[in-house]
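Each remark here refers to the structure printed beneath this line.
The values are calculated or read from the model by the stated rules, or taken from the named source; none is laboratory data. Predicted model only: the values in this text are computed from it and were never measured. Cβ placement follows ideal geometry from the backbone for every residue including glycine, while neighbour counts extend to all protein chains displayed.
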Amino acid sequence: MKNLKEWLSWVKAKSRRFKILFALALLLVLGGLAFGFFGKQKKSVEYQTTAVVRGELIVSVTASGAVSSVNSAAISTRASGVVKEVYFQDGDEVTIGETIALIELDREGQQAYNQALSSYQSAQNSLKTAENRYYALKSAMFNKWESYRNLATSDKYENADGTAVTAERETETEFITAEADWLGAEAEYKNQENLVNSAKTALSSSWLSLEQASSTIVAPISGKISGLSLQAGTVLASTVSTSSSNNTTTTNKVASVITSAKPLVTINLTEIDISKVSVGDRATVTLDAFSEQTFTGKVQSIDKVGTVSSGVTAYPVVIALDLDNKKILPNMSASATILTDRRSNVLLIPASAVTTENEVSTVKILKDKQLLTKTVSLGLANDTQVEIRSGLLEGEAVITSVSNGVSTSSNTSSPFSITNRGMGGAMGGGPR
């Protein structure tokens with residue numbers, strides 16, 4: 001007590017500033033001690049629960065893409081010059097081969113046309129030459145065949161009953177030579193037949209090039225014209241790119257022809273999702289241009305080869321829409337959700353309530369205020385829900401998260417979430 005009085009007298013003798021600092025230091029020490037004592041006192045653990053329900057589980061994959069342009073073809077020309085006549089307007093129906101417009105060729109356009117015409121005429125001559133040789137070889141083949149047949153059916157190489165004298169055939173030079181002449185003539189004839197077909201293909205290609213370089217622009221397919229902005233007096237310029245091998249004239253697109261085919265949407269799936277999708281799966285599609293509308297369709301094709309860009313593999317999937325809509329245009333941005341599986345009248349719980357270790361899945365439940373652990377068998381699963389095949393009853397309360405209340409280190413977590421391996425087991429648990 002005497003020491004305390006002496007200590008207080010010592011403090012009292014100090015300056016006012018010292019007393020203030022001393023009081024603050026004392027408060028900090030006492031506050032720290034109180035915090036250390038009371039901070040360790042935690043409130044009781046609280047559990048957030050969800051009841052096991054019976055319902056429908058839908059599994060789907062979602063990806064983005066665009067409307068394909070497979071229901072349209074470009075109206076193009078390599079000709080250069082001034083448009084003299086335009087016979088159709090934008091939105092008109094046109095038939096394949098119909099003349100869209102007429103061009104007065106400039107000097108470069110005329111030169112390009114003459115070169116295309118020369119190539120076409122050369123292809124015609126090559127085809128005629130190939131056909132003439134084809135007919136000659138055909139005649140020679142039949143002559144060789146006739147000689148071989150007469151020799152093979154003569155008395156020398158055929159018995160009275162019509163059977164062949166095989167042993168003599170295989171040794172007689174006369175017979176062997178006749179057979180070889182016929183087989184050689186046949187092989188040469190068949191080879192020339194292939195050359196004729198190749199010449200026909202070259203002629204067709206040169207005709208298309210001539211058509212592209214001509215003063216007439218024609219419709220490539222039948223359908224409705226879209227994007228036609230040509231008018232009399234429009235100048236079509238020729239653009240030529242030069243390389244070390246040849247000069248290439250750029251094709252000018254003047255419009256498109258759209259058919260009545262239903263729109264197609266192409267999306268790219270990841271290597272994780274591609275194995276879940278099958279041809280015929282139903283899908284819903286939304287377009288950025290019509291955000292308030294949802295279109296339905298089904299998977300028409302799946303490219304399982306895929307493409308790799310910057311180390312990422314994408315697998316194109318084509319979805320055919322159920323209904324045609326003239327407002328849907330090629331290259332519009334789209335998002336699609338593909339339904340890969342569906343289960344009805346099954347028990348469902350949140351995925352966050354399940355924990356899986358060593359291929360054993362468990363959940364924690366509250367029963368009569370007691371915390372119990374149950375082993376469950378999982379079926380189908382999506383991103384948020386899991387099908388329970390056995391281990392739980394409808395209406396039971398499963399724990400989805402734990403709250404420790406307010407403390408020095410408060411914590412709210414979901415310790416029962418499925419691990420990566422566990423989710424894979426859930427996804428694979430149910431048959432498709």
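Can you tell which of 247, 345, 252, 325 is at pLDDT 90 or above and not hydroxyl-bearing (Ser, Thr, Tyr)?
On the way: 247 fails: at pLDDT 90 or above; 252 fails: at pLDDT 90 or above; 325 fails: at pLDDT 90 or above.
Exactly one residue qualifies, and that residue is 345.
Do we find that residue 239 is touching a Ser or Thr at 6+ places or on another chain (Cβ under 6 Å), at pLDDT 90 or above and not acidic (Asp, Glu) in this structure?
No.
Filter region 39-97 down to residues that are modelled with pLDDT of 85 or more, surrounded by fewer than 16 Cβ atoms within 10 Å (Cβ to Cβ) and in a loop (DSSP other than H, G, I, E, B), then give me how many there are.
8
Looking at (1) within 21 Å of residue 60 (Cα to Cα); (2) modelled with pLDDT under 90; (3) among the charged types (D, E, K, R), which one does residue 367 not meet, given that it meets all the others?
Of the numbered conditions (1) within 21 Å of residue 60 (Cα to Cα); (2) modelled with pLDDT under 90; (3) among the charged types (D, E, K, R), the odd one out for residue 367 is (1).
Okay, residues lined up against (1) modelled with pLDDT under 90; (2) over 29 Å from residue 87 (Cα atoms); (3) outside any helix (DSSP H, G or I):
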{"residue": "122", "(1), (2), (3)": "no, yes, no"}
{"residue": "127", "(1), (2), (3)": "no, yes, no"}
{"residue": "148", "(1), (2), (3)": "yes, yes, no"}
{"residue": "171", "(1), (2), (3)": "yes, yes, yes"}
{"residue": "188", "(1), (2), (3)": "no, yes, no"}
{"residue": "191", "(1), (2), (3)": "no, yes, no"}
{"residue": "201", "(1), (2), (3)": "no, yes, no"}
{"residue": "204", "(1), (2), (3)": "no, no, no"}
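Output yes when any residue across region 122-136 is charged (D, E, K, R), touching a Leu at 6+ places or on another chain (Cβ under 9 Å) and within 30 Å of residue 181 (Cα to Cα), and no when none is. Explain how you work it out, then say what you get.
If we filter region 122-136 for residues that are charged (D, E, K, R), which is where we start, we get 128, 131, 133.
The next check asks that each one be touching a Leu at 6+ places or on another chain (Cβ under 9 Å); those that pass are 133.
Next, only the ones that are within 30 Å of residue 181 (Cα to Cα) stay: 133.
Yes.
Report whether or not residue 221 is under 25 Å from the mean Cα position of the chain (by Cα) and surrounded by fewer than 20 Cβ atoms within 10 Å (Cβ to Cβ). If you could, list the steps in order and put the result at the bottom.
On the way: under 25 Å from the mean Cα position of the chain (by Cα): no; surrounded by fewer than 20 Cβ atoms within 10 Å (Cβ to Cβ): yes.
Criteria not met by residue 221.
I want to confirm something. Restricting to region 303-317 and keeping residues that are of a type in the set (A, V, I, L, M) and buried (at least 17 other Cβ atoms within 10 Å of the Cβ), which single residue is nearest to residue 333 (Cα to Cα)? Please lay out each step first, then the result.
Filtering region 303-317 for residues of a type in the set (A, V, I, L, M) gives 305, 308, 312, 314, 317.
Retained after the next criterion (residues that are buried (at least 17 other Cβ atoms within 10 Å of the Cβ)): 314, 317.
Working: 314: 17, 317: 15 Å.
That would be 317.
For region 103-120, give me each residue that is surrounded by fewer than 15 Cβ atoms within 10 Å (Cβ to Cβ) and part of a strand (DSSP E or B).
Passing the criteria: only 104.
Have a look at 334, 351, 320 and point out the one that is of a type outside the set (Ser, Thr, Tyr), over 16 Å from the mean Cα position of the chain (by Cα) and surrounded by 13 or more Cβ atoms within 10 Å (Cβ to Cβ).
On the way: 334 fails: over 16 Å from the mean Cα position of the chain (by Cα); 320 fails: over 16 Å from the mean Cα position of the chain (by Cα).
Among 334, 351, 320, only 351 is of a type outside the set (Ser, Thr, Tyr), over 16 Å from the mean Cα position of the chain (by Cα) and surrounded by 13 or more Cβ atoms within 10 Å (Cβ to Cβ).
Only one of 266, 362 is surrounded by fewer than 21 Cβ atoms within 10 Å (Cβ to Cβ) and under 30 Å from residue 46 (Cβ atoms); which? Walk me through how you get there before you give the answer.
Values: 266 fails: under 30 Å from residue 46 (Cβ atoms).
It is 362.
When both residues are 6+ apart or on different chains and their Cβ atoms are under 7 Å apart, which pairs have a first residue that lies in region 318-343 and is at positive phi and in contact (Cβ under 8 Å) with a residue 60 or more places away in the chain, and a second that is crowded, with 16+ Cβ neighbours inside 10 Å and outside any strand (DSSP E or B)?
Between residues of region 318-343 that are at positive phi and in contact (Cβ under 8 Å) with a residue 60 or more places away in the chain and residues that are crowded, with 16+ Cβ neighbours inside 10 Å and outside any strand (DSSP E or B), the close pairs are 331/69.
Which one of 288, 273 is acidic (Asp, Glu) and surrounded by fewer than 17 Cβ atoms within 10 Å (Cβ to Cβ)?
288
Output the residues belonging to region 263-314 that are hydroxyl-bearing (Ser, Thr, Tyr) and either under 22 Å from residue 326 (Cβ atoms) or touching a helix residue (DSSP H, G or I) at 6+ places or on another chain (Cβ under 7 Å) (or both). Walk me through how you get there before you give the answer.
Taking region 263-314 and keeping what is hydroxyl-bearing (Ser, Thr, Tyr), we get 266, 270, 275, 278, 284, 286, 291, 294, 296, 301, 307, 309-310, 313.
Answer for region 263-314, where residues must be hydroxyl-bearing (Ser, Thr, Tyr) and either under 22 Å from residue 326 (Cβ atoms) or touching a helix residue (DSSP H, G or I) at 6+ places or on another chain (Cβ under 7 Å) (or both): 266, 284, 286, 291, 294, 296.
Can you spot a residue in region 341-362 that is part of a strand (DSSP E or B) and over 30 Å from residue 400 (Cα atoms)?
Residues of region 341-362 that are part of a strand (DSSP E or B), as a first pass: 341-350, 355-357, 360-362.
This time we only want the ones that are over 30 Å from residue 400 (Cα atoms), so: none.
Looking for residues that are part of a strand (DSSP E or B) and over 30 Å from residue 400 (Cα atoms), one finds none in region 341-362, hence no.
Can you name the number of the only condition in (1) among the polar types (S, T, N, Q); (2) assigned by TED's automatic domain parsing to the domain that holds residue 140; (3) under 35 Å from the mean Cα position of the chain (by Cα) that residue 300 fails?
Every listed condition holds for residue 300 apart from (2).
Filter region 68-97 down to the residues that are of a type in the set (D, E, K, R) and under 35 Å from the mean Cα position of the chain (by Cα) and list them by number.
Here is the first cut: in region 68-97, the ones of a type in the set (D, E, K, R) are 78, 84-85, 90, 92-93.
Residues satisfying the conditions are 78, 90, 92, 93.
What is the one condition in (1) assigned by TED's automatic domain parsing to the domain that holds residue 402; (2) closer than 20 Å to residue 59 by Cα that residue 337 does not satisfy?
So the condition that residue 337 fails would be (1).
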